[in-house]
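Enquirer: Supplied in structure tokens, the structure appears directly below.
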Amino acid sequence: MPACMLMSPSPSIWPWPPACPRACSPTPQAERSRRRRGCAASRPLALAVLLHLLPAGAGAGAGAGAGAGATSVPAPVLSAEQQRWLAAHPVRFGAERDYGPFVFVREDGAVDGLSMDMLQLLVARTGLRLQVQPAQPLQALLDAARRREIDLLSSLRPTPERAVFLDFTQPYVSVPAVLVQRTGDSALALPALAGRPVAVGQGYAVEAVMRLRHPQVAWQPVRDDVVALQGVVAGRFDAAVVDAASVAFIQRQHQLSGVQAQQQVGFDYTLSFAVRRDWPQLTAALNAAIQSLSPAERQAVLLRWLGSGDNTPPRPRWATTAGLWLLGLAGALAVWLTWRRHARARP
């Protein structure tokens, strides 16, 4: 059991950052084991991922360690009013149980992932106190957030349905969704899979988009991407739509073989933190902390979890350019909406 846990079995206030300086980095033995089997396993589905690099604020740290270490900041990134608000509002955080490499529960019960490393950097800058809830599948987390039983979620793409009860920070990473089939099967596009079972994460942002674009496909909603890929291997599904980063992670983590990504499906996961809609103060504080991160800090988190990634199924050049513009627009829109809501709340 590591000296510092990223999640306790029962809800508790986190005194984050923990005393452990590497924030629950893998043991040397685990790291050697990961390197022995991880590189070869992830090579078939390497990752074309865009880290959302916004200009660093005045208080940004100069760099980062292995991605998760807290960084001292010369100047505070929050106003005195924001600090008082955070001190008076512990935040109930809901982690998704199995959305690696972004957020997942390790075998030892700790929560880990790219989004957790990002969140720890933000906590170090804001003094945010997290009240951790037991990890759950995404749909259960969304239902709890709708009932305001959870205040903060990670690794979510904004959608109109979610915006009814959630507010979103500017995105911190973007990754393409891909169509995955069994190794050796003839590569088919989604229109050619009409009437055939294709798995997709239930409640995932990509589900509604795929159902709208390809209603002829017999979509099979599943709990998470692990179930989707295992179903493809077992022959229950002819294909699955999963983000490229998760495919490579699941192959490595679960030693899953027999699947390969055939092509991108024209959908990118631009992932943000999601906050209960009636707490714009928290959204503004998180955005300020995100903007204070240096490119080196964010790049360290990206490389730790996703690697360089240059073999993901290709997309047309126009789609890459459009994706970059949309990612920037999403960040600007999130900041503007937060400012507008805050301005309306002023007396």
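Enquirer: If the requirement is being closer than 24 Å to Leu229 by Cα and surrounded by 21 or more Cβ atoms within 10 Å (Cβ to Cβ), which of these qualifies: Leu141, Leu152?
Expert: After applying the criteria, what remains is Leu141.
Enquirer: Moving on to the next point. Select, from Asp238, Asp224, the only residue that is of a type in the set (D, E, K, R) and modelled with pLDDT of 95 or more.
Expert: On inspection, the qualifying residue turns out to be Asp238.
Enquirer: In this structure, does Pro160 turn out to be in the same structural domain as Ser292 (by TED's automatic domain parsing) and surrounded by 19 or more Cβ atoms within 10 Å (Cβ to Cβ)?
Expert: No; evaluated as a whole, the condition is false for this residue.
Enquirer: Which of (1) in a loop (DSSP other than H, G, I, E, B); (2) out of contact with any Lys or Arg (no Cβ under 9 Å at 6 or more places or on another chain) is the odd one out, the single condition Val275 does not satisfy?
Expert: Going through (1) in a loop (DSSP other than H, G, I, E, B); (2) out of contact with any Lys or Arg (no Cβ under 9 Å at 6 or more places or on another chain) one by one, Val275 breaks only (1).
Enquirer: Please find, among Ala218, Ala245, Ala208, the residue that is in contact with a Gly (Cβ under 9 Å, 6 or more places away or on another chain), assigned to a helix (DSSP H, G or I) and either touching a residue at least 24 places away in the same chain (Cβ under 8 Å) or surrounded by fewer than 22 Cβ atoms within 10 Å (Cβ to Cβ) (or both).
Expert: On the way: Ala218 fails: assigned to a helix (DSSP H, G or I); Ala208 fails: in contact with a Gly (Cβ under 9 Å, 6 or more places away or on another chain).
Just one listed residue meets the conditions, Ala245.
Enquirer: So, Ala274, is that one farther than 19 Å from Val226 by Cα and either surrounded by fewer than 24 Cβ atoms within 10 Å (Cβ to Cβ) or touching a residue at least 24 places away in the same chain (Cβ under 8 Å) (or both) or not? Before the answer, list the steps.
Expert: Values: farther than 19 Å from Val226 by Cα: yes; either surrounded by fewer than 24 Cβ atoms within 10 Å (Cβ to Cβ) or touching a residue at least 24 places away in the same chain (Cβ under 8 Å) (or both): yes.
So Ala274 fits the description; yes.
Enquirer: Give me the residue from the stretch 94-111 that is crowded, with 23+ Cβ neighbours inside 10 Å and more than 11 Å from the chain's Cα centre (by Cα) and, out of that set, nearest to Leu166 (Cα to Cα).
Expert: My answer is Gly94.
Enquirer: Can you confirm whether Ala187 is touching a residue at least 40 places away in the same chain (Cβ under 8 Å) and more than 17 Å from Phe273 (Cβ to Cβ)?
Expert: Yes, satisfied.
Enquirer: Oh, and also: Can you tell me which residue in the stretch 221-242 is nearest to the chain's Cα centre (by Cα), limited to those that are in a strand (DSSP E or B) and β-branched (Val, Ile, Thr)? If you could, list the steps in order and put the result at the bottom.
Expert: Of the residues in the stretch 221-242, the ones in a strand (DSSP E or B) are 221-222, 239-242.
Restricting the remaining residues to those that are β-branched (Val, Ile, Thr) gives 222, 241-242.
Values: Val222: 18, Val241: 16, Val242: 13 Å.
This residue is Val242.
Enquirer: Turning to a different aspect of this structure: Which of (1) within 24 Å of Leu142 (Cα to Cα); (2) more than 16 Å from the chain's Cα centre (by Cα); (3) among the hydrophobic types (A, V, I, L, M, F, W, C) does Ala218 not meet, given it meets every other one?
Expert: (1)
Enquirer: Which one is surrounded by the fewest Cβ atoms within 10 Å (Cβ to Cβ), of the residues in the stretch 248-271 that are within 18 Å of Gln202 (Cβ to Cβ) and among the β-branched types (Val, Ile, Thr)?
Expert: Val265
Enquirer: Further, regarding this structure: Scan the stretch 146-205 for residues that are polar (S, T, N, Q) and assigned to a strand (DSSP E or B) and jot them down. Steps first, answer last, please.
Expert: Of all residues in the stretch 146-205, those polar (S, T, N, Q) come to 154-155, 159, 169-170, 174, 181, 183, 186, 202.
Selection gives Ser154, Ser155, Ser174, Gln181.
Enquirer: Exactly one of these conditions fails for Val198: (1) modelled with pLDDT under 95; (2) farther than 30 Å from Ala288 by Cα. Give me its number.
Expert: It is condition (1) that Val198 fails.
The values are calculated or read from the model by the stated rules, or taken from the named source; none is laboratory data. Because the structure is a prediction, the values reported are computed rather than measured. Virtual Cβ from ideal backbone geometry, glycine too; neighbours counted across all protein chains shown.
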